[in-house]
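To start, the structure itself, in structure tokens.
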Amino acid sequence: MRLIHINEVIPGIKVAKPIYDSKLSLLVQKDTALSSHLIEKLKQIDIRHVYVEDDISKGIILEPMISDTLKLQAITMMKMIYELYDQGQGEKSKQVREEHIRSLRGIIDDIISEIYSQYDKKYYSTELMGAEMYHYDHAVEVMILSVLIGKKMGIDRERLLKLGMGAILSDIGKSKVPDHILNKKGKLDPAEFDQMKKHVEYGYDMVKELVELSPLSRQIILLHHEKLDGSGYPNGFVADQIPLLVRIVTICDIFSAIVSDRTYNNRISADVAVEILRSAAPAKLDSDIINYMMQIVDIYPPGTLVELSTGAYGIVINNNLSAPTRPVLRILTGEQYEEVDMMKDLTIFIKKVVSRLPKS
């Protein structure tokens, strides 16, 4: 199994994971052979990546840390919450919102339980739907990453739950930002950026009276765009003025945005995303938290195509948990495949992730 771009999909190839539409209804079942018509339909609804089974990925298994079923429950709940807030029903919908927050907390608690049951896996994001679902999927990804880092840092379960709630709701204020700004292709102009920055205050105003949401979670929503050098917003806080849980969500928010398909941008590989974060540390981002992220994120998930320093190409089979940049590879040479453990052959290194093999 491997993840490929929709433009690389050929008729007859079988999908290895189900695909869902914008209503979170099952669109394509696992093991479905894609026709030309179905491929075009997927493109039309902005599905950009799909999991497939093919010859070079035969036998490669992707076992997500968080089950797809549980992740879909969280995405479904976030979609409901976004749409409810977007209706602007005011006080008369407060009780409904409290009930949604309670349900959301239950899902996050289940996700934390699943995380506690995993001892030998690193996390990678699973692609289940199109780019138009980015905001809901992004919210769930930020929550999962934040909880994973928090657990790695030794934060207790009660605070992990508060961290997760703040993380998943951190961008709820974007439901009040006009779509033409939210989904604009290209750089925002100063006026548009000022409008975008208001989403943290919009979000805080939406949740500040919810008794089901802790003050720590509300703090995350308001402050998750602050930077250590004072260049962030809304308050321009610096260094220790920014709480630890907020710093965690800030980094996870940036990382998830970089590695995700959005309506106005295409995803970047996880290894490049980590380097982008590192380039912003320690001036803007917390270096220690980035180091913890490196310990929990699988930067080369099984099925990833890579170009090697030797000029050869390979596909990742498994990862070495203690050395994330040196996985076990299936080297692709013509019709022959050679398995290489990069921990045992230190003469080669990964040059870059590639989306396709070169044409012979």
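Here is the figure for the stretch 304-339: residues that are open to solvent by less than 20 Å² (accessible area, probe 1.4 Å), modelled with pLDDT of 90 or more and of a type outside the set (Val, Ile, Thr) total 5. For beta carbons closer than 6 Å, sequence separation of 6+ or different chains, a first residue in the stretch 238-259 that is within 21 Å of Lys174 (Cβ to Cβ) and in contact (Cβ under 8 Å) with a residue 24 or more places away in the chain and a second that is in a helix (DSSP H, G or I) and acidic (Asp, Glu), the qualifying pairs are Ser256/Glu141. Taking the criterion of being open to solvent by less than 80 Å² (accessible area, probe 1.4 Å) and either in a helix (DSSP H, G or I) or in contact with a Cys (Cβ under 9 Å, 6 or more places away or on another chain) (or both), the residues of the stretch 27-42 that qualify are Ser36, Leu38, Ile39, Leu42. Taking the listed residues Val249, Val207, the one that is open to solvent by less than 50 Å² (accessible area, probe 1.4 Å), among the aliphatic types (A, V, I, L, M) and closer than 30 Å to Ile4 by Cα is Val249, with no other qualifying.
In the stretch 162-188, which residues are under 17 Å from Cys252 (Cβ atoms) and acidic (Asp, Glu)? Result: Asp171, single match. Taking the stretch 240-275 as the range and being of a type in the set (A, V, I, L, M) and either outside any helix (DSSP H, G or I) or at pLDDT below 95 (or both) as the test, the residues that pass are Ile242, Ala257, Ile258, Val259, Ile268, Ala270, Val272, Ala273, Val274. If you go through the stretch 200-210 one residue at a time, do you hit one that is without any contact (Cβ under 8 Å) to a residue 40 or more places away in the chain, part of a loop (DSSP other than H, G, I, E, B), over 23 Å from the mean Cα position of the chain (by Cα) and closer than 30 Å to Arg159 by Cα? There is at least one residue in the stretch 200-210 that is without any contact (Cβ under 8 Å) to a residue 40 or more places away in the chain, part of a loop (DSSP other than H, G, I, E, B), over 23 Å from the mean Cα position of the chain (by Cα) and closer than 30 Å to Arg159 by Cα. Taking the conditions (1) under 21 Å from the mean Cα position of the chain (by Cα); (2) open to solvent by 60 Å² or more (accessible area, probe 1.4 Å) in turn, Leu161 satisfies each one other than (2). If you go through the stretch 138-156 and pick out every residue that is in contact (Cβ under 8 Å) with a residue 40 or more places away in the chain and either hydroxyl-bearing (Ser, Thr, Tyr) or within 21 Å of Gln73 (Cα to Cα) (or both), you end up with 10. The set of residues in the stretch 2-24 being open to solvent by less than 40 Å² (accessible area, probe 1.4 Å), of a type in the set (A, V, I, L, M, F, W, C) and not in a loop (DSSP other than H, G, I, E, B) consists of Ile4, Ile6, Val15, Ile19. Among the residues of the stretch 124-158, the one identified as of a type in the set (Ser, Thr, Tyr), over 15 Å from Ile258 (Cβ atoms) and open to solvent by 10 Å² or more (accessible area, probe 1.4 Å) is Tyr136.
The values are calculated or read from the model by the stated rules, or taken from the named source; none is laboratory data. What you are looking at is a predicted structure, and each value in this text was computed from that prediction instead of being measured. Reconstructed Cβ throughout: ideal geometry from the backbone, glycine too, with neighbour counts over all protein chains shown. Accessible surface is based on the protein model in full, side chains and every heavy atom, while ligands, DNA and RNA are left aside. Shrake-Rupley method; radii C 1.70, N 1.55, O 1.52, S 1.80 Å.
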